[in-house]
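As structure tokens, the structure follows; a few thoughts come after it.
The values are calculated or read from the model by the stated rules, or taken from the named source; none is laboratory data. Model, not experiment: these values are computed from the prediction. Backbone-built Cβ (ideal geometry, glycine too); neighbour counts: all protein chains shown. Just the protein is used for accessible areas: all its heavy atoms, side chains included, with ligands, DNA and RNA removed. Shrake-Rupley method; radii C 1.70, N 1.55, O 1.52, S 1.80 Å.
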Amino acid sequence: MSTRDIVLIALFAALMAVLGAFPPLMIPAIAIPITAQSLGPMLMGGVLGARRGGLAMLLFLVLVAIGLPLLSGGRGGLAPFVGPWSGFIYGWVAAAVVIGWLTERFWTRLNFVSAFAITVFGGIGIIYLIGVPWYAAMSGTPLLPAFAASALAFVPGDLIKAGVAAAVIVAVKRAYPLIGAGRAATARR
């Protein structure tokens, strides 16, 4: 791993922390905060690729686990990793890797539409695939009501975040590609 890779991993872990500094938007009807941090895995994977994006997310989670208050609302420590909402946090790592992997595979044909599809699949689909069953198991709620309680209210906001991430990914690809044609070609082998 090069010094550049280490710097990019640290930079994107810091970006995730900055996204946590935005105050959560509380919707009174559902009493669940909507945060900017779910944008982080989309950007990590789409801009850095699978390996560096996954490592950036792991670094961020290690920093949270050791007690730094980097999650939205100033949370940190081990408590956020054991509650009913923890599955969504674990899903961030998988989302960054999946989005990065797909971005690398479609690098030469990547445009806003394909980047949006990738971020929706990884940044919404993968996170919910891990988070909703975790929520159901931890709360003792059947899966379908768990989806309605834990994810349905977030879908519109997550679609907006996926659009923002797709626009950033395509802009970075054009201006300063961090994945590059060489990395994408190596990833296809």
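Kindly provide the set of residues from region 137-154 that are open to solvent by 10 Å² or more (accessible area, probe 1.4 Å) and of a type in the set (Gly, Ala, Ser), ordered by number.
Going through region 137-154, the residues open to solvent by 10 Å² or more (accessible area, probe 1.4 Å) turn out to be 137-145, 147-149, 152-154.
Result: Ala137, Ser139, Gly140, Ala148, Ala149, Ala153.
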Specify which of the listed residues (Gly157, Gly163, Gly67, Gly125) is surrounded by fewer than 22 Cβ atoms within 10 Å (Cβ to Cβ) and not in a helix (DSSP H, G or I).
Gly67
Residues within region 103-122 that are farther than 16 Å from Leu159 by Cα and either in contact (Cβ under 8 Å) with a residue 40 or more places away in the chain or not in a helix (DSSP H, G or I) (or both), tallied
8
Qualifying residue in region 167-175 (condition: part of a helix (DSSP H, G or I), open to solvent by 70 Å² or more (accessible area, probe 1.4 Å), more than 18 Å from Trp92 (Cα to Cα) and not hydrophobic (A, V, I, L, M, F, W, C)):
yes
